[in-house]
Amino acid sequence: MMRRRNSPMSMSGTVAGRRRRGGRKVSTTLLLLAVAAIGLMAVQQGSFVSNLRGKREKHRQVISITGASKESFALALRTALDTIRKTHGDPTQDKAAGAAICSVLSSAVSDTASTSGGGDDNELSIAAKRWTSYVADVLAASKHPDDPKYSHLEWTKSLLVELSPSAMARALASQPPPKAVARVLQIVRNRLYDAEKYPPLRVAVLGGAETEGQGCDIASVPLPEGSIMANPTYCSWPYRFEQLVNNLAGGVKLVEVTNLAEDGTDTAFMTPLLRNWIYPQSLLPHGPAIIINAYTSKDYSSYGAVSVKDTEKNEMEAFISGVEGSNPCGDPPLIVHLDDFADGAATTVGVDHVLSLQYNTPMAKVIKTDKATKTIPNHLPFGMAGHLALSWMLTFALGDMALHHCSSAQSKIPVAPAVMESKCKDSDAVDAQGRCVFAFFAGPMGTVTRPNQIQQYVAPYVVENTGWQATTDMSTGFSRKSGLVAVEPEAKIVFQFKDIAKEIRYVNLMTLKSSADEWKDGRAKFSLLVNDKNAGSKDWLETSFEIEGSYESPTHITYHFGFDLKANAAKMGSDVIFRIESVGTASFKILGIMLCS
């Protein structure tokens, strides 16, 4: 059959006819296109709403920073505490005021949280609303004590505006056990009530290079001439955090931070120290109430970890277990984990055991604001802007933790003990050796810091020494300057411990590893000999191993070696000999030895 050709005059009619005949197919196509368009509009609208919400939140912070608060946070704290006193008397002793600090925190903002404006306030957490209410106080409290004219005010404000409360709230991955939070709040409550009678909240911080303070003086604003702000001790985020909290509390020394961070270490290095309650004398006998683990992915990768995420996960699990069973005098410290992984890879570590803050995303936005970020060396993640931001995020996280606890059904806070003494299991449990027969760690925050202190500690146990000396030098870094060093070939030192009062189950050593010529060919042999006299044996059971001092990377690290003696453990009452021999062709440096139960 011949197909009829349509003339131009009849084209429109033919097309219309085709549309009618294929109407169902066309309608389906149009429907799919419409649905896709609506979906795209929804996504765009959601993105728009999200962006708008972020802009509104940022706008509220700008308003809060530039406008004065109705009353300062410190004044609100004092007012709320005075009210509690009038109602209950001493809030540290009256059971009716057992949760007084929760009342103080709840009352401290009264109705100011509702004054920040914006229709999306209900979407913010309680902590976020309170942060917004008092962000001007946070700005004022962030002034460095060596910047009396606050020359960094505008620069600090530009950073603080970029750190939204909702972003900080989303960075919180887990909350710690209620009992641990209650203990921390008890200390805070008591300190606020009577700073002369009760101690501050003691915080110990662990970490590597940036937590130690490297790079914390790098900023796009000049430092005041001769300022200590260029000193890592006084510009690192642990110091800024301590100053911030105490300033917010009205100048009361509410927290006392001890920065134990040391470049070239990681979590595995610190775990045996904490597990055996080895702290600087300033933290003994009670130990810290809070331990902050701030080791970063760079710290783990410096040890050559094949999988940084897996290494962090495994080391954190051992760390949490060690800390939770560490305190010989009572409850374990509350653990805070500062995690710099961007994708939340470690969120499962320590859930329900730690306060976990994953700060990478909110931090990135803040440090991007400072032009100096581009000049920071590759081995450091941030400069002064990041140190300030981390002090803010940590303060927010602890505030959120407190408010979360107070709003829960498990917010009971114990009455303060009549006497602030540790409940130790035995009289010598809290000396510098903790659970160890022999233990020293040389470093700025170690049990010993100078060669004469090392010599004084080891001397009572040394029965033979040829070529080992307690020395100091800066060639391997400030944190590793002091140690026990083999200063001549085939150096040998022997320690003897008679009738040991504690079991020796674990041997933990901290040694220097370096690629420098003086150390790279160093090697030492360690031998532990045990005579179990109680079993009537005259034989000596020997366990030995060697450690090399070389390291491939052009840097220096503090290497941790841990060994479980298991069946070869030295029982109480045994005689023990610990021998160290230099068997390499270069020097060897020991930074710490622990023979512990």
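Brief remarks follow.
- Of all residues in the stretch 123-145, those satisfying the criterion of being crowded, with 22+ Cβ neighbours inside 10 Å and polar (S, T, N, Q) are Thr132, Ser133, Ser142.
- Meets criteria (outside any strand (DSSP E or B), under 24 Å from Ile454 (Cβ atoms), of a type in the set (Asp, Glu) and in contact (Cβ under 8 Å) with a residue 40 or more places away in the chain) for Glu490: yes
- For the stretch 268-283, the candidate set comprises residues that are touching a residue at least 40 places away in the same chain (Cβ under 8 Å) and farther than 16 Å from Ser597 by Cα; within that set, the residue that is most open to solvent (accessible area, probe 1.4 Å) is Gln281.
- The set of residues in the stretch 149-159 that are of a type in the set (A, V, I, L, M, F, W, C) and not in a helix (DSSP H, G or I) is empty.
- Looking across the stretch 503-523 at every residue that is of a type in the set (D, E, K, R) and assigned to a strand (DSSP E or B), the one that is modelled with the lowest pLDDT is identified as Lys513.
- Residue in the stretch 215-235 that is at positive phi and at pLDDT below 95 present: yes
- Flag if Gly434 is at pLDDT below 95, of a type in the set (Gly, Ala, Ser), assigned to a strand (DSSP E or B) and over 18 Å from Ile577 (Cα atoms): no
- Top-ranked residue in the stretch 538-563 [being among the aliphatic types (A, V, I, L, M) and farther than 17 Å from Ala486 by Cβ; ranked as surrounded by the most Cβ atoms within 10 Å (Cβ to Cβ)]: Ile557
- When Phe588, Phe578, Phe563 are checked against the criterion of being of a type in the set (Phe, Trp, Tyr) and over 23 Å from Ala470 (Cβ atoms), a single residue qualifies: Phe563.
- Residues in the stretch 160-194 that are at pLDDT 90 or above and part of a loop (DSSP other than H, G, I, E, B) were compared, and the one that is surrounded by the fewest Cβ atoms within 10 Å (Cβ to Cβ) is Pro177.
- Residues in the stretch 526-537 that are closer than 19 Å to Phe578 by Cβ and either open to solvent by 60 Å² or more (accessible area, probe 1.4 Å) or touching a residue at least 60 places away in the same chain (Cβ under 8 Å) (or both): Leu528, Lys533.
- Restricting attention to the stretch 236-267 and to residues that are open to solvent by 20 Å² or more (accessible area, probe 1.4 Å) and of a type in the set (Asp, Glu), the residue that is modelled with the lowest pLDDT turns out to be Asp263.
The values are calculated or read from the model by the stated rules, or taken from the named source; none is laboratory data. Quick caveat: nothing in here was measured; it's all calculated off a predicted structure. As a convention, Cβ positions derive from the backbone with ideal geometry for all residues, glycine included, and neighbour counts pool all protein chains shown. These accessible areas exclude ligands, DNA and RNA; they are computed on the full protein's heavy atoms, side chains included. Shrake-Rupley method; radii C 1.70, N 1.55, O 1.52, S 1.80 Å.
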